[in-house]
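The values are calculated or read from the model by the stated rules, or taken from the named source; none is laboratory data. A quick note: this is a predicted structure, and the numbers were derived from the prediction, not measured. Reconstructed Cβ throughout: ideal geometry from the backbone, glycine too, with neighbour counts over all protein chains shown.
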Amino acid sequence: MTDDDDAARLQKLAGGLPPVDVDPARAAQIAQVARRDVGHGPPRRRIVEAVCVAILVGATFAWAIFKVYEALR
C-alpha cells in the first residue's frame, strides 16, 4: 500500500465527517502542541506517581499479611 492509497482511503473516510468548527488560530495552536508532544514518552510525573502507588500498595499488602499472621499466631 502506498501513501497515495492511504491518502485516498483517509479522504474517503473523512468525507462523512462534519467540517471542523475551530478558528484557524486555535487550530494552529493545537497542531503546534500535537507536533511537540508526539513521539515523546509519558511525562516523568506519571512514572513517579506509579512508583508511589506501587510502594503504597506494597506497604498495605505487607501490613495486611502481618496482621493475618498476628491473628493466626
- [ ] Using the structure shown, decide if residue 56 is out of contact with any His (no Cβ under 6 Å at 6 or more places or on another chain), at pLDDT below 90, surrounded by 10 or more Cβ atoms within 10 Å (Cβ to Cβ) and of a type outside the set (S, T, N, Q).
- [x] no
- [ ] Given the conditions (1) in a loop (DSSP other than H, G, I, E, B); (2) surrounded by 10 or more Cβ atoms within 10 Å (Cβ to Cβ); (3) of a type outside the set (Ser, Thr, Tyr), report the number of the one that residue 42 does not fulfil.
- [x] (2)
Open item on the list: The conditions are (1) outside any helix (DSSP H, G or I); (2) at pLDDT 85 or above; (3) not hydrophobic (A, V, I, L, M, F, W, C), and residue 9 fails exactly one of them. Which is it?
Closed with: (1)
